[in-house]
Amino acid sequence: MAREGRDRGDREERDNEFVDKLVHINRVAKVVKGGRRFGFAALVVVGDQRGRVGFGHGKAREVPEAIRKATDAAKRAMIRVPLKDGRTLHHETRGHHGAGKVVVRPAPAGTGIIAGGPMRAVFEALGVGDVVSKSLGTSNPYNMVRAAFDALKNQQSPRMVAQRRGRSVSEIIARREGQKGAEASAN
């Protein structure tokens, strides 16, 4: 008995570390003999604001139950995204899902989150403070969120690149800085 209470308390502490953002609620109607029966579908993004984020979709007859189901699904499907200085991304990436295409770019300090509704929720939950993004194609929130996650899954830190190539992090960063200097002198 005491163990159950302690587990519940631990679960609440873990839940408190996450920020959840309701992105979209869709109401659907089923016509039956007595009239219409309404159902609700919710899209929720959950993150710890330190580089972990997930999204979930839940359906139920009541809005709070749909949101709870979506939040639980989002917590189960979290991914880790490497952040640069804990405030932005390492490099530009593109993501797509269906007709939804997104471009995500790192931004200098103080820029803020420049993103449309569904993608803004993803970046706020992720903990990114400075990012520029553009959604191309669809404005469907489900496809926009999935495309943003596709772009975030392709993010790689210099440490990951160095490990894959069998080099040191300083070599990778020096080469990146060298390319930036060459591009600046060419312009």
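The values are calculated or read from the model by the stated rules, or taken from the named source; none is laboratory data. No experiment lies behind these values; they were computed from the predicted model shown. Cβ placement follows ideal geometry from the backbone for every residue including glycine, while neighbour counts extend to all protein chains displayed.
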*Evaluate segment 106-114: report whether one residue or more is surrounded by fewer than 17 Cβ atoms within 10 Å (Cβ to Cβ), of a type in the set (S, T, N, Q) and out of contact with any Cys (no Cβ under 6 Å at 6 or more places or on another chain).*
yes
*Mind listing whichever residues of segment 36-92 are surrounded by 19 or more Cβ atoms within 10 Å (Cβ to Cβ), of a type outside the set (A, V, I, L, M) and assigned by TED's automatic domain parsing to the domain that holds residue 145?*
88, 90
_Any residue at all in segment 71-85 that's at pLDDT below 90 and in a strand (DSSP E or B)?_
yes
_Checking the structure you have, find out if any residue of segment 64-86 is touching a strand residue (DSSP E or B) at 6+ places or on another chain (Cβ under 8 Å), closer than 27 Å to residue 159 by Cα and acidic (Asp, Glu)._
no
*Restricting to segment 103-141, what's the tally of residues that are in contact with a Phe, Trp or Tyr (Cβ under 9 Å, 6 or more places away or on another chain), part of a helix (DSSP H, G or I) and either of a type outside the set (A, V, I, L, M) or under 15 Å from residue 86 (Cβ atoms) (or both)?*
2
*State all residues of segment 86-108 that are in contact (Cβ under 8 Å) with a residue 24 or more places away in the chain and closer than 23 Å to residue 169 by Cα; if no residue qualifies, say none.*
86, 87, 88, 89, 90, 91, 93, 105, 106, 107
*Taking into account only those residues within segment 1-51 that are of a type in the set (Asp, Glu) and farther than 23 Å from residue 143 by Cβ, which is modelled with the highest pLDDT?*
48
_Quick check on this structure: which one of 71, 88, 93 is of a type in the set (Val, Ile, Thr), within 12 Å of residue 126 (Cα to Cα) and out of contact with any His (no Cβ under 8 Å at 6 or more places or on another chain)?_
88
